[in-house]
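Shown next, in structure tokens, is the structure this report addresses.
The values are calculated or read from the model by the stated rules, or taken from the named source; none is laboratory data. Predicted, not measured: the structure shown is a model, and the values here were computed from it. When we count neighbours, we look across all protein chains shown, and the Cβ atoms used for this are built from the backbone with ideal geometry, even at glycine. SASA here: full protein model, heavy atoms, side chains in, ligands and nucleic acids out. Shrake-Rupley method; radii C 1.70, N 1.55, O 1.52, S 1.80 Å.
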Amino acid sequence: MQTPILLSTPHMSGREQVYVQEAFDTNWIAPLGANVTAMEEQIKAYTNANAVCVTSSGTAAIHLALRLLEVGVGDTVFCASFTFIASANPIKYMGADVVFIDSEPETWNMSPEALGRALQDAKERGQLPKAVIVVHLYGQSAKMEEIVAVCEQYGVPIIEDAAESLGSTYKGQQTGTFGDFGIYSFNGNKIITTSGGGALVAKDPAMIEKAVFLATQAREEAPHYQHEQVGYNYRMSNVSAGIGRGQMEVLDERVAARQNIYRYYERSLSNVEGITMMPELAGTVSNHWLTTITLDVEALNMSPYDVMEEMKAANIETRVLWKPLHLQPVFEGTTFYPHDTTQSAICEQLFKTGLCLPSGSNLTEVELERVSKELSRILVESPSIAV
Ligand SMILES: *Cc1c(COP(=O)(O)O)cnc(C)c1O
């Protein structure tokens, strides 16, 4: 059996240990310290965000954003359906209701048309959402101009889930910085990692001050422990931030490596029938966190699951795309707005046809070639129904 090739694994620079050692040397192991401050400065400089705080996870950052927008029981939050469940779980933590919005075919992200219809209906019912959570999947920016315009029209704040898209830009501006809030994730499979962690960015620096307060148990200034609100333990540790500092230094290299992987697959699979690369919207630059493709399931007579199984037999990890959240049992009965009311939902079509390919920045040329060859072989030998 050949060595395994995985979807996306941590890729250390070697510099992380310098900063982690610094934390040990100064005994700033916990809670905060120089690494936390430095990493926040690096993220701020990199993204051009107005203010940043690092958190224990990307999910925690979304939870904080919802709390800062005062989302509560009986409120509604709109969220993309085509995403990882972490985008929507914090809505339930707040006791609010969720309405899911379909994707559009050009970016696979939130459809501005479906969002517009959902907002119009909500307005007519007199219950506009407290926030809209937009996601930039696999590194591709959503159609931010259209989404910002429609949200402004109804006066609804935007939270950008940029967990997968750190380093991606939309018309030259970093994803995560268009909304009132943006979040990034440094989970182990993301473009850079702190082993686990995230960041919250905000337009209004006062909001980040408040986020830091809430993320440290909402401790008031007093000689004793004084608490007037419910808080959380959501700050990133100084040890994790040491890893993050070493990773931020190589972020541009990691982005370039993943972009090259996408281009490699695009070239090497260009002659294989039945494959379409994930589209890239003009004016956007994707970090290509994961290279994803869609398959012509009918012509190949193979589903993404079939391909995934065959790739697994060759010890190569691939994964079907995110299962739309409105189809998840935990969200059964939730309202969903399709992109086009006359055809099946775009996110459902993508789920039925799409596949993520190994995309880690540490993959070697030999490994990429193996992936591409196996995939080509499987598809060429597919039980094609075309004669
Ligand atoms: C990874 C991810 C998150 C959650 O980030 P964590 O740091 O793992 O909590 C949220 N949304 C999306 C789209 C993600 O891919």
Separation of the ALA299 and ASN362 label points, Cα + 7 Å toward Cβ, nm = 3.7
Can you give the FRET efficiency for GLU280 and LYS123, using 1/(1 + (r/R0)^6), R0 = 25 Å, r = Cβ-Cβ distance, to the nearest 0.05?
-> 0.15
Only helical DSSP H runs with n ≥ 4 go in: add -39500 (n - 2.57) per run for the chain, normalise by residue count and round the 222 nm mean residue ellipticity to 500 deg cm²/dmol.
-> -11000 deg cm²/dmol
Would you please state which residues of the range 240-284 a label at SER384 would reach in this model, taking the label point 7 Å out along Cα→Cβ and a backbone N cut-off of under 16 Å?
-> 269-276
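Could you tell me which of rounded, prolate or oblate describes the range 251-386, using a ≥ b ≥ c as the square roots of the eigenvalues of the alpha-carbon gyration tensor, with rounded for a/c under 1.5 and, failing that, prolate when a/b is larger than b/c and oblate otherwise?
Numbers: a/c = 1.78, a/b = 1.26, b/c = 1.41.
Taking the square roots of the gyration eigenvalues as a ≥ b ≥ c, the range 251-386 is oblate.
Taking all protein chains as present, what is the carbon and sulfur share of the accessible area of the range 251-386, in % to the nearest whole number, probe 1.4 Å? Present the calculation step by step, with values, prior to reporting the outcome.
On the way: 3230 of 6400 Å².
C and S fraction of accessible area: 51 percent.
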What residues have an amide H closer than 5 Å to that of ALA131, excluding those fewer than 5 places away on the same chain, when H is modeled at 1.01 Å from N in the peptide plane?
-> PHE78
Candidate aspartates and glutamates - alpha carbon under 19 Å from LYS190, same-chain residues fewer than 8 apart omitted | GLU16, GLU40, GLU160, ASP161, GLU164, GLU249, ASP252, GLU253, GLU317
What is the range 251-386's relative contact order, in percent, from Cα pairs under 8 angstrom and six or more apart in sequence?
-> 36
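Checking the a/c ratio against 1.5 first, then a/b against b/c, what shape does the Cα gyration tensor give for the range 1-46? Could the numbers behind the result be given before it?
Values: a/c = 3.32, a/b = 1.88, b/c = 1.76.
Prolate shape, in that a/c is at least 1.5 and a/b is the bigger ratio.
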Which percent, nearest 5, of DSSP beta bridges in the chain are antiparallel?
-> 60
If you count, for each residue, the other Cβ atoms within 10 Å and average over each peptide, how do 263-275, 212-224 line up from highest to lowest?
-> 263-275, 212-224
Would you list, by chain and number, the aspartates and glutamates whose Cα falls below 14 Å from the Cα of LYS92, excluding same-chain residues fewer than 8 positions away?
-> GLU70, ASP75, GLU332
Unsatisfied cross-links (Cα-Cα over 27 Å) in the set LYS143/LYS323; LYS352/LYS373; LYS123/LYS210; LYS44/LYS123 = LYS123/LYS210; LYS44/LYS123
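Below 15 angstrom from the Cβ of VAL250, what's the summed charge of the other residues (Lys, Arg +1; Asp, Glu -1)?
+1
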Lys and Arg at +1, Asp and Glu at -1: add these up for the other residues within a Cβ distance under 11 Å of THR353 and post the number.
-> -2
If R0 is 25 Å, what FRET efficiency do you get for LYS373 and ASN189 from their C-beta distance, rounded to 0.05?
-> 0.55
Across bins of 5 angstrom width beginning at 0, how are the C-alpha pair distances of the range 327-387 distributed, in whole percent?
-> 3, 12, 13, 15, 13, 11, 13, 13, 5, 0
Counting only DSSP loop positions in the range 301-387, the GluC sites (Glu not before Pro) whose Cβ has at most 13 other Cβ atoms within 10 Å are GLU332, GLU381
Accessible area in square angstrom per residue, the chain, 1.4 angstrom probe | 42
Using a simple spin-label model with points 7 Å from Cα along the Cα→Cβ vector, what separation in nm is obtained for THR9 and ASP306?
-> 3.0
Environment charge of ASN35, counting only residues whose C-beta is closer than 13 Å and scoring Lys/Arg +1, Asp/Glu -1 | -3
Got a sec? Charge dipole of the chain, +1 on Cβ for Lys and Arg, -1 for Asp and Glu; which of TRP289, ALA202, MET12 is way out at the positive end?
-> MET12
Once you put a point 7 Å from the Cα of THR335 and another 7 Å from the Cα of ASP252, both along the Cβ direction, what distance in nm separates them?
-> 4.6
Compute the Cα gyration tensor for the range 214-272, then decide on rounded, prolate or oblate, letting a ≥ b ≥ c be the square roots of its eigenvalues: rounded whenever a/c is under 1.5, prolate when a/b is larger than b/c in the other cases, and oblate in all that remain.
-> prolate
Computed on Cα atoms only, the convex hull of the chain has an orientation-averaged projected area in nm² of 20.8
